[in-house]
Each structure stands twice: as C-alpha cells, then as structure tokens.
C-alpha cells in the first residue's frame, strides 16, 4: 500500500528505483546506456490543440495508448495538457471524427487535426428517456437535433427551432406576435378532441406542462393559447430527441400516446473554467402583405356597387365616397399598422468547468423584443440555469442536479389590429390630429389606434428542478432514482378602458372593464429505477425496472370587473362596480406507473427490445384507473453478417420493426365525476349550487396501437446514409362528449366512443457528405414525410352532433363546403350545386363537399458548409398543402378588398372570376358571397418553399491564448416561394399577424 502511494506521489523516484533494480540483476548495461534509459523512461508534460483543420474541437478525449488513467479532455479552445513518455503514442478520439494515433516522439507541443468520419455517427448515443442507446443499436424511431442546429436560429421558442428538421413532426407557428403559440403534431392527430393531441415534454427527466397557457377571455390577440415552452431558453438546450413509434414511446405509457419530446439542457465539462458571453441584435418585419386595392380601384368598386344596386343617392354614413373623406388620399394601412420593425436584443452568459469528478455550469439569458405594431409594446424574458454533476473516485456513486428559473413579461395590444389593416378603406382619415391626439374625424370613423389603449399583459414564472442519484451496487447493476419539481404560474389581464371608444358615443357614460386570469400549475415526480447489464451467451442483456409517482395540482381563477369610475383604477378590482368570478377551479392529478424494459443484443447484429408499463391515472373512475401497455421492437444489423461484413460499398444496413400500445388520459380532471358549480343566484342570502356533470363509472382509457417497419442504409463509409420508415397508428375508444337530450338537463355525457382514427405515413431521411477534403466540408440533411389521417369508424355518426364535422374515410381536419358552380352569366351572382335537389341552397344538406386541409407532404433540406474559419448553414422548409382564401366580405361595401377582386362581373355575358359588386341592397349577391366563403371555391394551393433559416459565422484569428471570438449573422423566414395570395401560407388563422422575418447579428466571446 505504501509503495502504491509512493508511486502516485512520486513518479520520477519510482522510475529511478525501477531502473536501479534492473541494473542490479545485470552488468550488461554500460553507463551511457543507463543514462539513455533514464531519459527514455522519464515523463514530461505535453500540451497541444485539437482542431478539425479550421475550428478548435472541445470535449475531445486524448489518451496515452496502453496506459490506464492517462487521459485528458480538450477545453473549449481545443487545448489539452497531458503527462506522457517520449516514446508514447496518443489516442485522440471524438464522436464524428476518425480516431487518430499520434506518436509523441519526445515533443513538448503536439497539435492534432482530426478527420471527419461519418461511420462513427452510428456510435452516437441518443436519449430514449429512461435509458440511452447507440444510434446503430436502437430499435425505435427517434429524431434528433443538437445545439449546433439550435444555436444557428434566432428564435425564442424551441418548437420554432424544430420546424422543417424532423421527419414526421409537423409544427405550425400560430402567430407572429411574441410569446404566441405553436401547433405540434407528431405523426398526425390521434384524438377527436383537438386539445388532447399534445406530446409529452420531458426536460432533463422531468415532465413539463404540455397544456397551453392562457385563456380566450384574456389573450384575445392570439388565435390560440400560448405555448408553455416559451419560457425555455433555446440556447440552454444541448439536444432534442423526439420519440415517435411504440418501441420508443411505450415506456412512457399513456403520457407518450402522442409522442415524446425529450429536451436535454447543457452540462458542464471537465477542463479549465471557461467564460462565454454572446450578444446579438436584430430586426423583425412581416413576411408578406396582401395586395389590396388602391384608392382609385376602391372608389371605382364602391361607386359601381351603388350603380349595380340601383342607388343614386349616397348615404350620410358612406363617408368614403360621399365627399366627407378626401377622394385622393391613399394610405397603405398594412404598412401603417403592421409595417413597423421589431427590435430584438439577446444577451447570453455562462461559466463552466470542473475536474474529472465534478463539473458545473451556470448560465443566464436576457431577451428583449418590441413589436411591429404602433405604440410602446414588447416582450421580455430572462432566466438562469445551473447544473452540477459529480461522481465518486471509484465511479460508483453519481449525482446530477439541474435547475432552471425563467420569467416572461408580455405587453401587447389587447386586440389584433391586423383586421383593421386589411379592411380599412384606403382613403380613411389620418390617425392623429396636429396636436398628437387620436383623430376621430368628427365621429365619422373608428380610429384603429383606439385598440392600443386596451392592453394585454402576461407575466409568467417558471421553475424546473431535477436531481438524479445513482449507485453501482455491483458490476453492471445500478440503482438510480430521480426527483423532479416544476412550478409554472401565469397572470394575464386584458383591459377595455373607456378610451377605446369614439368620443361621439359619450365616453363618460361608458364604464371600463378588465378580465383577469391567474393560473398556477405545480408538479412533483419521483422515479426509482434499477438497471442491470450482463454479457450472456455471445450477447448482452439489459434489464430496466422502475416506477413513477407523480402529483400535479392546478389553480385557475378567471375574473371580470367593470364599472370603474376611472381608468386609473382599472387594475384595482376593489374599485369595480361589478365583479364576476367566471371560474375558480382547483384540481389535483395523481399518476403512478410501474415499467420494465428488457433488451438483448446478440452478436451485435440481432436486437430485441421488450417494454411493458402499468399506468394508473386519477382521471378515470373506479375500476378503470389502471391499464397495461407494452411494445416490442426488433432490429437486424444485416451489414454485420459475413456475406456483407467486408462490403466496399455498403457500410451499414439495418432493418427494424416495432408494435405496441399506448394510452391517453389527456381529458382534464374529474371528467368522470358528478360535479357541481355555483349558480351565481342568491336564495335567502346563500349562493346555490347546480349540477354540471354526470357520473360515468365506465369512463376509461383511449388506446393507441402503433406499428412500424423501417430500413436504414449507409453507403461508402456512411457518406450516404438514408432511412425509410412506414408507420400506422390506430387510436380507438375515443374520449368525447356523448350528446344527451335536453330534457335531462345536460348537453353531453363524457364517455368512450367506439370510434377509430388512423394515421399512416412514410418518412424518408437522407444524410450525405458531399465534399470533405482539406479545409472544405459540405454536408446535407434531407427529410420528407408523406402523411395520411383518416376516420375509420364512428358508430352512429349520422345521428350524432358530429355529423357535420366528420366523415368516414376522411381526415379529421376537413372542411365541409358547398359545391361551387360558377357565376350566373345573366345576374352575375355566384351559383352552387343543389345536392339534395330541393331547388334551394341550404345548410346542411348542400354543404357536404369534404375538403382535406392536411398537408400532403412536408419536410426540409439543410446544408452545412465550412471552409477554414467560415461556417454557413441554411435550411429550406417545404410543405404541400391546401388552405382557404382570405374572406374579405361582400365586394362593394365599406371595406377594402384584394386587388384581384377588380376582375368582377359587370354586365351580362362577362366571363369574370368574381361576382357583381353590391353596396348591401342585393340580397342574392349577399347570400352568394356568404355561400362562396363557405364553398370549395375558396380552397386554394397554399404550398410553399421557405428559406427557413440561414446562419453565417466567422472565427476571428485572435493571437490570445485560450480565447475565441466568433461573429455571426443569422436570418429566419427570409424568403418564401408560394402561389398563395392571401398572406403568409403558414398562417392558418385569418386576420392575425403572420410569422416575422428576422435578421440578427451577434458576437460570441469565450475565454
């Protein structure tokens, strides 16, 4: 023991002792030979830098060949320090590069340049939730992006960073207003209920709220509720894995029915303490405006409408054409109200480092963004993240702790002024008077800036923390447990002060109002696990057993108040004359499960993965709270068979398949219970209660059965790597509201409906190394998804209230429309098919043409180019889809129209695209316009190809040791190629702000 300690503390003395011992047994060594051996066996410290030929490589492992515990890790600047003998050889390895053997040859400085090697990408370990697996050995379908993909994008929500980069993952941005929402579907819509298709979000092992934030009562500026992921800083993320098939998701049971999104934050790395600071600034503008009529075209339309209606005298309220408003004035209201520039500023800072046993990372971020609207509005968010990893000297005990705290503050107009920007007449008055006050033009119009006095404010605080403890009891046997906690609180308010009304309406008699929404969701989770791995019969056996215990509580308080005597008191509810509690709800959700995974890898070519889970949810009634789910996944690495093992063209080949079941309990709490709510009516001074829901003891789980077949092929040492996956998901036992007769006092009964929804598709990916020689490298990633959603079965659909929403063998997302015939050449009015033959166009009998609005296919193509210190990364996103054209209302009334409406019917025999103008007195034309807006004539091609992201960076050649400086230029939504004429083709909600085009410039300093 003493000798061992002596060796550790005095290596040089031990070497001399060893030499003396050898000499004592032989007299064959001459004095000069002894001197040579002393030098030959003496260690010295060497240092160097690891690069890829142009950029430093951090995290590279440098080891001395044939010696234990003689390793080092390169720091952020690629530098390393290591003790070695002059005759030693260094083994330099890093994921994605060829392992290099570098002889020391007595040098003190050893610089290493690694060469890219695509075959090692199969050794990358991907996160599968409760376990990790090599890319080459996974049996499930997992899509992945890393921080390198995320850092190139100037986005505030991680979902935006995923758009166009993952096969089978369709993400749509709902609005361009900061802090808005996203719609994400992983392999389609499984449930009839639109709010039950959210995936499960896991952040560092902790389930994160997937339910959208906010209420339609308060966040009226958004077409849908805001995304809970807004508070997560994209720059703090190391990787995002999306689990899609049964083999990958079934270990999460019911929570993974709609897919799982695993988010892993950045961790500290061993090495010198490093500081990193980055700052960027940029601007955002609207991607595309509608092409509207100018003043001459608009007035010509209006005047012709009066002629068509046989009206010779203009009305007093027709200010645009009766001479009240200037007939020569023109204002492009889209540019006036939406043409501003959003200023975007970001600041990031971090410090990290540590020893081989303990690593840490502390980072902070601040984001500030104004709006494109007039006025002083903006969105701010900031936060901090801390991570600490530690392992014992014997590597048996490990502890990982991570925590993040983020805050958001959103200040926006309470109402979306995009409607005014599209509909206002082009000769409407100026917005301001000479003294800077709002111009109401003697009460002749509603100034669109009136809505800027009404504010939407939201403040969100978000805490997420997790601790993972593990201990290796014996070789291959690890006991592990994770403890997580989340807390998300949001306060939203929407004000309606009296100043939003025209003074001509006697503002003093109009009382102000406020709508308030306070939401809090907190959750804790504990997951004990035991993992055992053993080499067995030419293979490797892995067994994972664990349990989940989760408790989630929620509090919601919706209030409205009105009758404030002063707008200055509008945030003081005690000053309101009328106060109404719209909803005061407190919920608790309990979830527990037991899961197991058995994996066997035989001869590194035959893989079998079995997963089982027993779930329990408090959202179901007695006898239905528990359900069992499971999956089987198998794979064959046929490229390792003898007949292909030495193939010069096929470097990798794998066939895999999976089948399994998952459940779904995303229905809200207490849906099976007979519940009561306050009636709001006082009887003898007591507020009464009224029943709000009937008890249903048979309320049970939705079931999702998933099947997949896939093949993965690598050619020419994986310089060309492609995958093809076919999947079929069928969701049954749908949780919906069954309609009841009105005589029961209830409209619906929450129950399981024997309806079946199918999602079927084909996913293709391709990765190529187009060029990799010298200082130049060019990589391409391509993904393409063909998806089909279908309602297979719905018993009693025709007699149900859903008979005008769904059709058998059609997708869930369809529009039932009238069949457009054309324009009557004599009357100039739109005509439609009389499907039931009763001589009139009526609802619902004639509104039966089903139109599929789901994308036919979607995907993206990314190119990464690097030359010396330059890096260029750009992504094109593409979608093949249909959408509805923008409904502008009857042409000829006091509302602007798109320029294409000038091609309208004027006289008998005209072959026009649009019907006759009307000022409102032609009933047939008014009805024709209504039917037209609800007909298949409005369905148009909304396919697009978009330059989604481009990033250019340059590493400055500084002469400062251990200091790196990078300058960056990034853009988002820069170019869009589309035939769609009604605005941005991605935006599926009419009249809302589309996603913005963003350009930023930044600098990153690391030292």
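Only the coordinates and a few stated rules stand behind these numbers; no lab work does. These numbers come from a predicted model, not from an experiment. Here the Cβ is made from the backbone with ideal geometry for all residues, glycine too, and neighbour counts use every protein chain on show.
Quick look at the values:
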read-out: Theoretical FRET efficiency, 1/(1+(r/R0)^6), r = Cβ-Cβ of residue 332 and residue 107, R0 60 Å, to 0.05; value: 0.30
read-out: Beta bridges by DSSP in the chain, antiparallel share as percent, to the nearest 5; value: 95
read-out: Residue-averaged [θ]222 nm for the chain, counting only DSSP H segments that reach four residues, each worth -39500 (n - 2.57); value: -2000 deg cm²/dmol
read-out: Packing rank of 648-658, 243-253, where each peptide gets the mean count of other beta carbons within 10 Å, highest leading; value: 243-253, 648-658
read-out: Extension reserve of the residue 836-residue 376 stretch, reckoned as 0.36 nm per residue once the Cα distance is removed; value: 160.1 nm
read-out: Relative contact order (%) - the stretch 121-267, alpha-carbon pairs under 8 angstrom, separation at least six; value: 29
read-out: Cα-projected label distance for residue 409 with residue 682, points at 7 Å along beta-carbon direction, nm; value: 4.0
read-out: Rounded tilt (10° steps) of 295-308 against the dominant C-alpha axis of the chain; value: 40
read-out: Two-site label geometry, residue 805 and residue 670: point separation in nm, points 7 Å out along Cα→Cβ; value: 2.3
read-out: Nearest 10 degrees, 0 to 90: helix 11-24 Cα axis against the chain principal axis; value: 30
read-out: Over the stretch 806-873, relative contact order from alpha-carbon pairs under 8 Å, at least 6 apart, %; value: 31
read-out: Residue 975-residue 910 FRET efficiency (beta carbon distance; Förster radius 35 Å; 0.05 resolution); value: 0.40
read-out: Cβ-based exposure ranking for 450, 619, 67, in which fewest neighbours within 10 Å come first; value: 67, 450, 619
read-out: If the convex hull is drawn through the Cα atoms of the stretch 521-568, its volume per residue in Å³; value: 127
read-out: Potential lengthening between residue 606 and residue 902 on full extension [0.36 nm per residue; Cα-Cα distance subtracted]; value: 99.8 nm
read-out: C-alpha long axis of helix 923-933 to longest principal axis of the chain, angle in °; value: 10
read-out: Rg(Cα)/(2.2 N^0.38 Å) for the stretch 897-1007, N = residue count; value: 1.89
read-out: Principal axis dimensions, the stretch 386-494 - Cα atoms, whole angstrom, descending; value: 85, 24, 19
read-out: Modelled FRET efficiency - R0 25 Å, residue 362 with residue 146, Cβ distances, 0.05 increments; value: 0.70
read-out: Label-point separation in nm, residue 965 to residue 317, each point 7 Å along Cα→Cβ; value: 6.6
read-out: Pairs of alpha carbons in the stretch 295-408 whose separation is greater than 18 Å (percent); value: 72
read-out: Debye log10 I(q)/I(0) for the stretch 121-267, one point scatterer per Cα, at q = 0.11 Å⁻¹; value: -0.40
read-out: Dimensionless Rg/Rh of the chain - Kirkwood Rh, Rg from C-alpha atoms; value: 1.02
read-out: Gained length - residue 776 relative to residue 397, 0.36 nm times residue gap less alpha-carbon distance; value: 132.1 nm
read-out: Fewest-first sequence of 276, 682 by Cβ atoms within 10 Å of each Cβ; value: 682, 276
read-out: Separation between Cα centres of the stretch 213-244 and the stretch 71-101, rounded to whole Å; value: 41
read-out: Percent RCO, i.e. relative contact order, over the stretch 561-613, from Cα pairs under 8 Å lying at least 6 residues apart; value: 24
read-out: Gap separating the Cα centres of the stretch 580-594 and the stretch 845-881, nearest whole Å; value: 38
